[in-house]
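As structure tokens, the structure follows; a few thoughts come after it.
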């Protein structure tokens with residue numbers, strides 16, 4: 001093969017990383033797309049007839065020609081159609097191989113893990129399949145509905161008395177692709193060959209990890225929240241003059257701020273609406289009071305007032321809206337992609353990094369070979385550190401200033417891979433997901449104490465970390481954090497954009513004590529841009545990130561899922577960005593500030609809609625529970641009260657004529673006998689009992705709660721899932737230990753810091 005000139009810039013984080021992409025569809029190509037965004041040299045090899053994504057329908061009106069899905073997934077790559085001998089040489093030059101076949105399909109061939117491992121310089125292998133590498137078959141593009149049915153995604157969607165609802169697009173596959181990119185970078189830290197086995201169903205389960213963990217640890221029945229959960233009302237998609245907005249009413253401040261904006265401060269003291277629990281019984285009365293105000297105002301008018309008053313609220317944006325959105329434009333999220341049909345607008349990247357350019361923006365052009373220069377340096381060993389127990393990322397030190405889900409997700413993932421992750425909390429401003437909650441198994445008396453260490457969501461998202469209780473509002477606390485920063489590799493923060501400047505902990509402040517520090521900020525809409533001050537929860541980001549415009553029944557205007565799905569999406573992309581920045585540091589010797597937008601990360605997993613809006617001048621239609629392009633698809637009720645998901649190219653109208661006459665098991669069996677593809681729609685209880693899912697549910701012994709089960713990090717390496725290093729820490733559990741390990745703090749100094757209240761304490765007590 002010829003040696004073409006490099007396409008990635010020398011300053012790109014992954015310049016020199018060679019990725020051989022043999023996978024088709026969504027998961028593998030999305031991993032390649034993310035790595036190409038970061039500067040990797042991605043060579044895409046398609047099978048005879050081309051990648052099926054080239055012809056993929058994205059809705060019922062998909063026009064002839066290359067699919068918007070393919071155009072979105074494959075920008076920034078090179079393509080080749082090598083002979084068998086050339087493929088062998090490509091394997092010799094690759095650092096990572098992305099593939100989507102199961103073991104029986106590669107056994108004895110060049111992609112057999114045993115054969116790859118035996119090469120003089122084996123590339124790491126990342127396999128992405130629907131059900132796992134050891135399954136009988138790898139899954140098809142149209143199996144998305146089935147994967148969502150199996151992994152529990154639809155356990156909380158839909159209305160209490162209606163059908164569950166699938167997430168729009170190819171969300172389990174997109175999540176798997178993002179995890180695959182993380183695996184590709186984590187593998188570089190290994191001394192030997194790594195084969196990562198990622199299953200759509202396992203990655204999809206992390207998309208509902210928080211509610212799934214709550215069920216696993218409490219056993220409390222889970223039911224769909226509906227479009228407008230009364231306990232959080234006003235919430236959901238509310239109609240206004242030109243579309244829909246998504247208000248948040250989680251905080252007391254949110255309720256008081258919106259009443260002021262309505263010009264209805266009287267509602268604050270109205271006995272029907274004063275408290276959240278009471279409002280739930282008077283939802284219709286409240287809408288009668290505030291609905292006319294929404295009808296008089298546009299989305300943007302309401303949003304601007306909400307930002308001014310710090311009321312968490314978002315607009316429901318379509319892809320056409322995104323093309324003209326001033327915030328996305330200011331952040332450089334969209335760019336031009338050259339296609340065979342001319343230029344289109346597409347997503348470029350969900351993060352901003354000063355001094356690091358965006359990725360190439362071209363679709364694949366036919367080219368062959370690997371360049372020989374600019375090999376990505378090996379990761380830094382960190383030999384001068386006391387390494388935590390095992391794992392690919394042993395020696396990597398991460399500080400966390402995080403709350404809720406998206407931010408803690410990053411440390412939980414890195415911690416599972418061996419990084420030493422320290423969560424920093426103040427007794428006065430602790431992570432609200434802690435609770436307090438009653439201790440499981442204890443009889444709840446009226447005066448029984450509550451615990452801040454037993455909340456299921458908190459315990460799931462904070463496994464594999466250590467804890468430092470530190471008052472950052474005091475000068476001594478800030479100074480101590482900077483001492484820790486001096487020995488850290490990265491700091492992760494998902495506070496709103498103004499918090500770090502107020503604490504005088506900007507990137508410039510951090511870099512002054514450690515020029516090699518990586519800072520990851522991940523507010524809802526990013527730390528820069530005209531909407532940077534906007535507060536956002538998962539439901540709000542669903543609206544701003546294109547999800548709500550495509551989610552829900554075909555006959556409704558808009559809805560949000562109430563699952564807070566954007567949190568794990570933002571978390572896995574932030575994890576990737578952090579690992580890429582650590583790799584970039586090996587080039588430059590300098591740290592970098594990453595400004596990741598959770599809104600843009602979600603848009604990236606719906607990016608085919610942006611391409612369609614740009615190229616075809618239309619928004620994609622809402623499909624409900626149907627798979628586009630399949631003869632038979634959707635959810636069907638059965639006589640035992642369950643639902644069956646069907647996604648098949650075969651016409652199954654005869655078998656589906658009277659689904660209510662059969663049990664779910666009978667219907668699935670009949671459909672499979674007829675050559676169809678079908679699965680039961682699992683609630684969390686059924687998902688936990690599925691043999692395909694059980695390996696990814698992690699039991700761990702907690703000092704307060706006892707044995708609890710959570711959703712595991714789905715990065716199976718060389719046949720084994722990452723070891724659980726430790727349960728979620730109790731508050732202040734490791735403060736002394738961290739100070740000794742990280743900055744060699746003497747006992748007398750630790751005692752003095754505790755005596756002064758800078759270190760230690762308990763939530764709510766200072």
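Quick grid of which residues meet (1) in contact (Cβ under 8 Å) with a residue 60 or more places away in the chain; (2) under 19 Å from residue 607 (Cα atoms):
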{"site": "19", "(1), (2)": "yes, no"}
{"site": "25", "(1), (2)": "yes, yes"}
{"site": "58", "(1), (2)": "yes, yes"}
{"site": "89", "(1), (2)": "yes, no"}
{"site": "92", "(1), (2)": "no, no"}
{"site": "103", "(1), (2)": "no, no"}
{"site": "107", "(1), (2)": "no, no"}
{"site": "112", "(1), (2)": "no, no"}
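Would you check if residue 287 is part of a helix (DSSP H, G or I), surrounded by fewer than 18 Cβ atoms within 10 Å (Cβ to Cβ), in contact (Cβ under 8 Å) with a residue 24 or more places away in the chain and over 34 Å from the mean Cα position of the chain (by Cα)? Can you show your working first?
On the way: part of a helix (DSSP H, G or I): yes; surrounded by fewer than 18 Cβ atoms within 10 Å (Cβ to Cβ): yes; in contact (Cβ under 8 Å) with a residue 24 or more places away in the chain: yes; over 34 Å from the mean Cα position of the chain (by Cα): no.
So residue 287 fails the test.
Out of (1) closer than 30 Å to residue 222 by Cβ; (2) part of a loop (DSSP other than H, G, I, E, B); (3) touching a strand residue (DSSP E or B) at 6+ places or on another chain (Cβ under 8 Å); (4) modelled with pLDDT under 95, what's the single condition that is false for residue 82?
Exception for residue 82: condition (1).
Quick test of your reading of the structure: residue 525 fulfils all but one of (1) farther than 21 Å from residue 251 by Cα; (2) touching a strand residue (DSSP E or B) at 6+ places or on another chain (Cβ under 9 Å); (3) at pLDDT 90 or above; (4) part of a loop (DSSP other than H, G, I, E, B). Name the failing condition by number.
Residue 525 satisfies every listed condition except (1).
If you take the residues of segment 22-41 that are in contact with a strand residue (DSSP E or B) (Cβ under 6 Å, 6 or more places away or on another chain) and modelled with pLDDT of 95 or more, which of them is farthest from residue 91 (Cα to Cα)?
From segment 22-41, those in contact with a strand residue (DSSP E or B) (Cβ under 6 Å, 6 or more places away or on another chain) are 22-23, 27-28, 31-32, 35-36, 40-41; that's our starting set.
If we keep only those that are modelled with pLDDT of 95 or more too, we end up with 22-23, 27-28, 31-32, 35.
Numbers: 22: 11, 23: 14, 27: 20, 28: 17, 31: 18, 32: 16, 35: 18 Å.
That would be 27.
For residue 19, indicate whether it is under 20 Å from residue 620 (Cα atoms), under 24 Å from the mean Cα position of the chain (by Cα) and at pLDDT 95 or above. Please lay out each step first, then the result.
Values: under 20 Å from residue 620 (Cα atoms): no; under 24 Å from the mean Cα position of the chain (by Cα): yes; at pLDDT 95 or above: yes.
So residue 19 fails the test.
Identify the single condition in (1) at pLDDT 90 or above; (2) in contact with a helix residue (DSSP H, G or I) (Cβ under 7 Å, 6 or more places away or on another chain); (3) within 27 Å of residue 224 (Cα to Cα) that residue 742 does not satisfy, given that it satisfies every other one.
Every listed condition holds for residue 742 apart from (3).
Answer yes or no: is there a residue in segment 544-551 that is in contact (Cβ under 8 Å) with a residue 12 or more places away in the chain, over 30 Å from residue 418 (Cα atoms), touching a strand residue (DSSP E or B) at 6+ places or on another chain (Cβ under 6 Å) and in a helix (DSSP H, G or I). Before the answer, list the steps.
The initial filter retains those residues of segment 544-551 that are in contact (Cβ under 8 Å) with a residue 12 or more places away in the chain, namely 544-551.
Remaining after also requiring over 30 Å from residue 418 (Cα atoms): 544-551.
Those still in the list that are touching a strand residue (DSSP E or B) at 6+ places or on another chain (Cβ under 6 Å) too: 544.
Now restrict to residues that are in a helix (DSSP H, G or I): 544.
Yes, there is a match, as at least one residue in segment 544-551 is in contact (Cβ under 8 Å) with a residue 12 or more places away in the chain, over 30 Å from residue 418 (Cα atoms), touching a strand residue (DSSP E or B) at 6+ places or on another chain (Cβ under 6 Å) and in a helix (DSSP H, G or I).
Residue check: is residue 630 outside any strand (DSSP E or B) and free of Cβ contacts under 8 Å to residues at least 40 places away in the same chain? If you could, list the steps in order and put the result at the bottom.
On the way: outside any strand (DSSP E or B): yes; free of Cβ contacts under 8 Å to residues at least 40 places away in the same chain: no.
Criteria not met by residue 630.
Pick from segment 114-130 the residues that are outside any loop (DSSP other than H, G, I, E, B) and touching a residue at least 60 places away in the same chain (Cβ under 8 Å): which of them is surrounded by the fewest Cβ atoms within 10 Å (Cβ to Cβ)?
To start, the set of residues in segment 114-130 that are outside any loop (DSSP other than H, G, I, E, B) comprises 114-117, 124-129.
From what is left, the residues that are touching a residue at least 60 places away in the same chain (Cβ under 8 Å) are 116-117, 124-129.
Values: 116: 20, 117: 15, 124: 25, 125: 29, 126: 33, 127: 28, 128: 31, 129: 26.
Going through the qualifying residues, I end up with 117.
All but one of (1) over 30 Å from residue 114 (Cα atoms); (2) modelled with pLDDT under 95; (3) under 31 Å from the mean Cα position of the chain (by Cα) hold for residue 735, so report the exception by its number.
(2)
Residues that are part of a loop (DSSP other than H, G, I, E, B), over 24 Å from residue 205 (Cβ atoms) and in contact (Cβ under 8 Å) with a residue 12 or more places away in the chain: does segment 560-580 have at least one? I'd like the intermediate steps shown before the answer.
So the first thing to find is which residues in segment 560-580 are part of a loop (DSSP other than H, G, I, E, B), and the list is 560-565.
Now restrict to residues that are over 24 Å from residue 205 (Cβ atoms): none.
Scanning segment 560-580 turns up no residue that is part of a loop (DSSP other than H, G, I, E, B), over 24 Å from residue 205 (Cβ atoms) and in contact (Cβ under 8 Å) with a residue 12 or more places away in the chain.
If you check residue 328 against the conditions, is it surrounded by 21 or more Cβ atoms within 10 Å (Cβ to Cβ), within 15 Å of residue 526 (Cα to Cα) and either in contact with a strand residue (DSSP E or B) (Cβ under 9 Å, 6 or more places away or on another chain) or modelled with pLDDT under 95 (or both)? Break it down stepwise before answering.
Numbers: surrounded by 21 or more Cβ atoms within 10 Å (Cβ to Cβ): yes; within 15 Å of residue 526 (Cα to Cα): yes; either in contact with a strand residue (DSSP E or B) (Cβ under 9 Å, 6 or more places away or on another chain) or modelled with pLDDT under 95 (or both): yes.
For residue 328, the condition - surrounded by 21 or more Cβ atoms within 10 Å (Cβ to Cβ), within 15 Å of residue 526 (Cα to Cα) and either in contact with a strand residue (DSSP E or B) (Cβ under 9 Å, 6 or more places away or on another chain) or modelled with pLDDT under 95 (or both) - is met.
Could you give every pair whose Cβ atoms fall below 6 Å, whose first residue belongs to segment 220-231 and is over 14 Å from residue 246 (Cα atoms), and whose second residue is modelled with pLDDT of 80 or more and assigned to a helix (DSSP H, G or I), counting only separations of at least 6 or pairs across chains?
These pairs meet every condition: 222/155; 222/215; 222/684; 230/280; 230/283; 231/280.
At least 3 residues that are under 23 Å from the mean Cα position of the chain (by Cα) and at pLDDT 95 or above in each: list the helices (runs of 4 or more DSSP H) lying fully within segment 189-270 that qualify.
200-206
Please work out if residue 111 is in contact with a strand residue (DSSP E or B) (Cβ under 7 Å, 6 or more places away or on another chain) and either closer than 23 Å to residue 37 by Cβ or not in a loop (DSSP other than H, G, I, E, B) (or both). Outline the logic, then answer.
Working: in contact with a strand residue (DSSP E or B) (Cβ under 7 Å, 6 or more places away or on another chain): yes; either closer than 23 Å to residue 37 by Cβ or not in a loop (DSSP other than H, G, I, E, B) (or both): no.
No, not satisfied.
Kindly evaluate residue 69 against the criterion of being in contact with a helix residue (DSSP H, G or I) (Cβ under 6 Å, 6 or more places away or on another chain), surrounded by 15 or more Cβ atoms within 10 Å (Cβ to Cβ) and in a helix (DSSP H, G or I).
Numbers: in contact with a helix residue (DSSP H, G or I) (Cβ under 6 Å, 6 or more places away or on another chain): yes; surrounded by 15 or more Cβ atoms within 10 Å (Cβ to Cβ): yes; in a helix (DSSP H, G or I): yes.
Answer is yes for this residue.
The values are calculated or read from the model by the stated rules, or taken from the named source; none is laboratory data. Owing to the predicted nature of the structure, the values given are computational and were not obtained by experimental measurement. Cβ coordinates were reconstructed from backbone atoms using ideal geometry, including for glycine residues, and neighbour counts include every protein chain displayed.
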